[in-house]
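See below for the structure under consideration.
The values are calculated or read from the model by the stated rules, or taken from the named source; none is laboratory data. This structure is a prediction, so every number in the text was calculated from the model and none was measured. As a convention, Cβ positions derive from the backbone with ideal geometry for all residues, glycine included, and neighbour counts pool all protein chains shown. Only protein heavy atoms, including side chains, enter the accessible area calculation; ligands, DNA and RNA are left aside. Shrake-Rupley method; radii C 1.70, N 1.55, O 1.52, S 1.80 Å.
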Amino acid sequence: MNTKPQPDSQRGLFTPLFAARRESSPVSEQDLLDGRVSAAMRDDLLEEAQRKVLRIVWLHRGAQNAIKAEEILRQLGREANENARRWVKGTIEDLVTRLGVPIGGSRQKPYGYFLIVTASDLDIAIQPLRHEMESLIRRLRSLTSKQDVARMFGQTLLKLDVGDLEPRPRK
């Protein structure tokens, strides 16, 4: 019997995103995805401009259809400067972390944001995040001890488990 773990590209896309719902509901993953986007659109804390960002990204399904922040801003009728790009990035982060919308970002061609719809999309979205996390851990390890890094990492995981880590406040 082969007990080797499956590579990322072979696991089900929505295993981490919709695992609880999948077991209790025969609803399709597409319906769950659309439901998650619909629920986010109804969120009282979401500003109208942020809803427009979500509508734009919703039309860019899959990494192959990624849209750059500059294009999002153009479609919103806004100037593409550094502050505006940071606003788009913050809006995307809020949609993902607070509202659970599966939006990925690609740092390889085609660059930009996209709605995650396949396992491959998920791999593309998490690869740069994983590399960034590893880089930060290496940097922490250079400045502190191995035990300090392990303690920080363990405390962060515990906070994530109990939902104590709040998304950063929007400006």
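Accessible area per residue of region 39-171 at 1.4 Å probe, in Å²?
Numbers: 8760 Å² over 133 residues.
Computed with neighbouring chains in place, this is 66 Å² per residue.
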(message) Quick query: amide H of ARG107 versus all other amide H atoms, modeled in the peptide plane; which residues come in under 5 Å with a sequence gap of 5 or more or a different chain?
(response) none
(message) Given bins 10 angstrom wide, list per bin the percent of all Cα-Cα distances in region 105-160, short to long.
(response) 21, 36, 26, 16
(request) Give the carbon-plus-sulfur fraction of the accessible surface of region 98-152 in %, rounded to a whole number; probe 1.4 Å, heavy atoms of protein chains only. (result) 57 percent
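Just to verify a number: FRET efficiency for LEU136 and ALA80, C-beta to C-beta distance, R0 = 35 Å, to 0.05? Before the final figure, lay out the partial values.
Details: r = 28 Å, r/R0 = 0.80.
Result of the calculation: an efficiency of 0.80.
Sort 131-144, 46-59 by packing, meaning the average of other beta carbons within 10 Å per residue, with the highest value first. If you can, show how the numbers build up before the last one.
Working: 131-144: 11.1, 46-59: 16.4.
Per-residue Cβ counts within 10 Å, averaged per peptide and sorted highest first, yield 46-59, 131-144.
Could you list, in their original order, any pairs among LYS109/LYS146; LYS89/LYS146; LYS89/LYS109 whose Cα atoms are separated by more than 27 Å?
Numbers: LYS109/LYS146 36 Å; LYS89/LYS146 32 Å; LYS89/LYS109 18 Å.
Going by Cα-Cα distance, LYS109/LYS146; LYS89/LYS146 fall outside the 27 Å limit.
Give, as a single signed number, the net charge of other residues whose beta carbon lies under 13 Å from the beta carbon of GLY62, with Lys and Arg counted +1 and Asp and Glu -1. Please list the in-between numbers first.
On the way: positive: ARG61; negative: ASP121, ASP123.
Summing Lys and Arg as +1 and Asp and Glu as -1 gives -1.
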(request) With a bin width of 10 angstrom, please list the P(r) values of region 91-134 as percents of all Cα-Cα pairs, from the 0 bin to the one holding the largest distance. (result) 28, 59, 13
